[in-house]
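The values are calculated or read from the model by the stated rules, or taken from the named source; none is laboratory data. Note that this is a predicted model, so its numbers are computed, not measured. Positions of Cβ are backbone-derived with ideal geometry, glycine not excepted, and every protein chain shown enters the neighbour counts. Quick note on the areas: whole protein, heavy atoms, side chains included, nothing else; ligands and nucleic acids left out. Shrake-Rupley method; radii C 1.70, N 1.55, O 1.52, S 1.80 Å.
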Amino acid sequence: WEPIVSNINDSQTLTALAEQHHSQTENNKVKGLFIFDVLDLTFFPKGIEQFLPNIDLIYIEKTGIHSLTGDEFKPFKNLYWLRFHNNKNLEIVPGNLLESAPLIKVLSFLDNNIKHVDESLFDGLTQLTTLDFRYNYCVNEYANTTAQITSLIGKVKSNCKIVTEEPCKNFIEIISILDQQNQILTDENSNLNLQLDVAKQEYEDLKTFIMA
């Protein structure tokens, strides 16, 4: 790991490397990116690949990152090692996060607050040797064998499902139907009350006529 200081602009894009690496390593020879203990960092910076084009290991720990768009790691085609550790605001993992990184072998989301994982996250990840979802909201398990990884993927898909819009849509439709039925019952009740009033009036008229 090579310590480095960077400048990031308002569009969340890396604009410059403020300091050289301690060992004077050339940027294109840097293989690992380590982001640690930056709680005010709420996003993964864009444009890193312009300065560090050959990153294949990324470690992100104790940041304020709360969401991922799915585009963060697209520039890193050779990424094989990714760890998100102790990012307490991170709750959702999108399905396209690693679609451009099929070489992933080590994937860890240890000790975040993950509640939902799109099941397509694992599509094409055939080289996984380690999968870590310990200490999260929806799952707490570690796997480092093929059988364990297969089992853990199944548990993540089952326990960390992302709620789609369809159930919500169906719920709205059900509410609409119930409202319609309630209106029908209300109308029918109003008609019954009207019929009752008419019957009462007819009774009074008949009673008056008989007593006359």
Within region 122-153, count every residue that is out of contact with any strand residue (DSSP E or B) (no Cβ under 6 Å at 6 or more places or on another chain), open to solvent by less than 40 Å² (accessible area, probe 1.4 Å) and not in a loop (DSSP other than H, G, I, E, B).
2
Of the residues in region 48-68, those that are part of a loop (DSSP other than H, G, I, E, B), modelled with pLDDT of 90 or more and open to solvent by less than 40 Å² (accessible area, probe 1.4 Å) come to Ile55, Asp56, Gly64, Ile65, Leu68
Within region 149-180, track down each residue that is more than 24 Å from Leu90 (Cα to Cα), at pLDDT 65 or above and either polar (S, T, N, Q) or touching a Phe, Trp or Tyr at 6+ places or on another chain (Cβ under 8 Å) (or both).
Ser176, Gln180
Somewhere in region 73-94, is a residue over 29 Å from Lys161 (Cβ atoms), aliphatic (A, V, I, L, M) and at pLDDT 95 or above?
no
Taking region 69-100 as the region of interest, how many residues are at positive phi and either of a type in the set (A, V, I, L, M) or open to solvent by less than 10 Å² (accessible area, probe 1.4 Å) (or both)?
1
When (1) crowded, with 21+ Cβ neighbours inside 10 Å; (2) touching a Ser or Thr at 6+ places or on another chain (Cβ under 9 Å) are applied to Ile114, the one that fails is (2)
